[in-house]
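Chemist: Structure provided below as structure tokens; questions to follow.
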Amino acid sequence: MPTNLPPEYFEADKRYRQASGTPEKITALEALISTVPKHKGTDKLRAGLRKRLSRLREEATRKKKTGGRDLFTVERQGAAQIALVGLPNSGKSSLLAAVTNAHPVIADYPMSTVLPLCGMMPFEDIQFQLVDLPPIGNESTDGPVSGILRITDILLVVIDLSDDPIAQAELLIDQVTAWKIPLRGGGVAWRGDRSEKPGKPLILVANKRDLPGAAVAVDALRSQWTDRFPLVAVSCKNGEGLEEMGRVVFENSQVIRVYAKEPGKEAEMDKPFTLAVGATVLELAGMIHKDFVTGLQYACIWGSARFDGQRVQRDYPLQDRDVVELHVK
């Protein structure tokens, strides 16, 4: 993100993030776009915001035509939104039930998931929103499902290890690619500037690792795909691999946790702020209070700084688990 954005941008960005309904989001996003200066350094930012506005307007039009709430509209919650992608009976609903407080319908027959169902997955001191979607391959739902996949933060592609996992992975990845959803390759987590490595993170989740012969299938998947996408083998039945899955999700989430403290007081280590990788002290200040954007003088950092309590300026890039003490005039 350009470092020469005006304070009004961060105030408008906060209002947009706090907006709840689609009409309110459209209004807030239009106001946000108007605060971005027009020069070469903001071209990518303005283009991304305009695309987001276009999607919101399409969503509002769709709701108006159907005469009410779009049943495939999923309000974002948590540090990031993760969509579960898979074929019928791959175990998506079992995975959702195993790591969140949701209670999906879990059945042996296909298409037991007909609408999106959400749950919150805890990871250390934050939570991620998991969204179980209807399986890929159903003409009546593939359109809305692809729309959610375009705007969600991470794709968790769930593979059933008992049923030709190589073919499943190829089919699902080919379908996502056919929908022209850009994917981030490389096989490892990317924690740098988003503009340097574009694409949506995709994580392969090999389910049912507790079954006989599953280890061989996992090895085959690893040899085929881990040069492109991270892979985690799990068992929803006995819980194996679920903790590792949470870690891999976090590593690919482009999210950092930052803890704020008042001068002379201890930091609230159980209440982190979640920001995008590369976020600055100024962006944190805007999240805490809009007046801090204009009143911020400097900050002291514990964590990524050269020494504890180091004084830094407003454009200092924060790192995961930094403790930040803001000094405001």
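Chemist: How many angstrom lie between the C-alpha centres of the stretch 274-302 and the stretch 310-324?
Modeler: Distance between centres, Cα-based: 9 Å.
Chemist: With a cut-off of at most 12 other beta carbons within 10 Å, and DSSP calling the residue loop, which trypsin sites (Lys or Arg not before Pro) in the stretch 250-282 qualify? Please list them.
Modeler: Sparse-neighbourhood loop trypsin sites (Lys or Arg not before Pro): Lys265.
Chemist: Quick one: which residues, 5+ away or cross-chain, put their amide H under 5 Å from the amide H of Ser253? H built at 1.01 Å from N.
Modeler: Correct list: empty.
Chemist: Here's another thing I want to ask about it. Measure nothing but the geometry: give the 0 to 90° angle between the long axis through the Cα atoms of 139-151 and the longest principal axis through the Cα atoms of the chain, rounded to 10°.
Modeler: Its long axis makes an angle of about 30 degrees.
Chemist: Now a separate question. Using a Gaussian network for the chain with springs between C-alpha atoms less than 10 Å apart, which of these wobbles most: Ile159, Ile288, Ile82?
Modeler: Ile288
Chemist: For all pairs of alpha-carbon atoms in the chain, what percent lies in each bin of width 10 Å, listed from the first bin to the last filled one?
Modeler: Spelled out per bin, shortest first, that is 5, 23, 31, 24, 13, 3, 0.
Chemist: Report, by chain and number, residues whose modeled amide H sits under 5 Å from the one on Arg184, excluding near sequence neighbours (fewer than 5 apart, same chain).
Modeler: Lys200, Leu202
Chemist: Would you rank Lys290, Lys237 by solvent-accessible area, highest first, keeping every protein chain in place and using a 1.4 Å probe?
Modeler: Lys237, Lys290
Chemist: Taking amide H positions as placed in the peptide plane 1.01 Å from N, state which residues far from Val85 in sequence (5 or more) or on other chains have amide H under 5 Å from it.
Modeler: The answer is Leu156, Val157, Val158.
Chemist: List the chymotrypsin sites (Phe, Trp or Tyr not before Pro) within the stretch 242-329 that DSSP assigns to loop and that have no more than 13 neighbouring Cβ atoms inside 10 Å. Show your work: numbers first, answer last.
Modeler: Working: sites: Phe250, Tyr259, Phe273, Phe292, Tyr298, Trp302, Phe307; in loops: Phe307.
When the chymotrypsin sites (Phe, Trp or Tyr not before Pro) of the stretch 242-329 are filtered for loop state and at most 13 Cβ neighbours within 10 Å, Phe307 remain.
Chemist: Students sometimes get this wrong: rank Cys118, Cys300 by accessible area, probe 1.4 Å, all chains present, largest first.
Modeler: These residues rank, largest area first, as Cys118, Cys300.
Chemist: Turning to a different aspect of this structure: Antiparallel DSSP bridges in the chain: what percent, to the nearest 5?
Modeler: So the antiparallel bridges amount to about 50 percent of the total.
Chemist: Using alpha-carbon pairs under 8 Å, 6+ residues apart, how would you state the relative contact order of the chain in percent?
Modeler: Result for the chain is 13 percent.
The values are calculated or read from the model by the stated rules, or taken from the named source; none is laboratory data. Computed from a predicted model, the values in this text were never measured in an experiment. Note that each Cβ is placed from the backbone with ideal geometry, even for glycine, and that neighbours are counted across all protein chains shown. All accessible areas refer to the heavy atoms of the entire protein, side chains included, with ligands and DNA or RNA removed. Shrake-Rupley method; radii C 1.70, N 1.55, O 1.52, S 1.80 Å.
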